[in-house]
């Protein structure tokens, strides 16, 4: 009798452990919010990549470029980007070197990727 009772209890515990519980509404909301947040971040990263891809073939206008855009240029430091912004406007991109805003070596690295438009 004890063996049958023990077997029944074991079977009951096994059955209870194997059943899946439905997540609570709060858990569903939390997981949905996290998934939405992840998708939003991915969409922003994708949009940024598309913008960078569209602009890759066009030179960057040093008179209008943001600090972040300037920092994406090869070898550009935060200080160099700040100096470029502070020295605006430029009539030509070569003024970056001639006015000693950045060194000639730095300018040579980016000269094919920048322009100065009015």
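The values are calculated or read from the model by the stated rules, or taken from the named source; none is laboratory data. Note that the coordinates shown come from a computational prediction; the quantities given were computed from them, not determined experimentally. Cβ sites come from the backbone with ideal geometry, for glycine too, and all protein chains shown count toward neighbours.
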Taking region 47-73 and the residues there that are at pLDDT 80 or above and in a helix (DSSP H, G or I), the one that is surrounded by the fewest Cβ atoms within 10 Å (Cβ to Cβ) would be 68
Going through region 94-107 in order, the residues found to be over 28 Å from the mean Cα position of the chain (by Cα) and assigned to a helix (DSSP H, G or I) are 95, 96, 97, 98, 104, 105
(request) Could you check, for region 88-98, whether at least one of its residues is in contact with a helix residue (DSSP H, G or I) (Cβ under 7 Å, 6 or more places away or on another chain), at pLDDT 90 or above and surrounded by fewer than 11 Cβ atoms within 10 Å (Cβ to Cβ)? (result) no
Taking region 74-93 and keeping only residues that are under 24 Å from residue 49 (Cβ atoms) and in a loop (DSSP other than H, G, I, E, B), one is left with 74, 75, 76, 77
